[in-house]
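Written below as structure tokens is the structure these notes are about.
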Amino acid sequence: MYNVGLYKKDDEMGALICENYAMLLILSIFDIPIGFGEKTVEAVCEERGVDTETFLAIVNLFVNEESPSEEVKGRLSVPALTDFLRRSHVYFLEYRLPAIRRKLVEIMQGELMTEGVKDHNADIARLMMRFYDEYVDEVRKHMNYEDEVVFPYVETLLSAKGRPVGYEIAIFSKHHDHVENKLTEFKNLIIKYYPAKSSVKINSLLYDIFNCASDLRLHNAVENELYVPAIQIQESMRNPKR
């Protein structure tokens, strides 16, 4: 993926996707269907009810690792960011991670049924399955915390005249685990220790894991670089209740 400069609202949406096919993830999460014709980013976002500036902030963060200025952060739509993060949870927990597990199970079962496979291979397979399931549990806990604590706090913050007592976004920021790290450990475990019989299948699995790790980095970058600063701006605009 090449650094192509910051995308703007009058750029064609189709060109954005052709230059950076990974943007299909962002479109999926925002529920923006393809078939843009020659419409601009702004036109497509307006048709789908997506805040254009927030969409571009996420895109440019992903493509160019470019965090917007403080002025732009103050204009980002917090509801749009919340919606993006909430939809991301559905994507990971209901689609991405289960798909990897299904492929992992298929590979492990196929390998273990192969004649001549040693017992220690079976032990490694069971270790990998347990490692992956424990990882998914950690991701689920992390995302459930956001769904059940962080997002309701933000919604209350935006709807109330004052600032809710007993919580602030800095608490989330301090305890924010980078959930992609353990997926990297899992990837390294497979590469270094799994004696695969079929390189095609295991490499396909690794390709999916690499992509999922990249998707998780985007998720965390949106939280750290866009969401937390945007909420802190909202908090500073509201005096805490005494």
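The values are calculated or read from the model by the stated rules, or taken from the named source; none is laboratory data. It should be emphasised that the depicted structure is a prediction, and the values quoted were computed from it without experimental measurement. These accessible areas exclude ligands, DNA and RNA; they are computed on the full protein's heavy atoms, side chains included. Shrake-Rupley method; radii C 1.70, N 1.55, O 1.52, S 1.80 Å.
Tabulated data for the structure shown
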item	result
Of all accessible heavy-atom area on the chain, the percent that carbon and sulfur account for (1.4 Å)	50 percent
The chain - Kirkwood radius from inverse mean 1/r over Cα pairs (Å)	19.9 Å
Solvent-accessible area per residue for the chain (1.4 angstrom probe, square angstrom)	54 Å²
Potential lengthening between ASN211 and MET237 on full extension [0.36 nm per residue; Cα-Cα distance subtracted]	5.5 nm
Kirkwood Rh and Cα Rg combined as Rg/Rh, the stretch 17-93	0.94
At least 24 Å along the helix axis (C-alpha) and Kyte average at least 1.0, DSSP helices within the chain	none
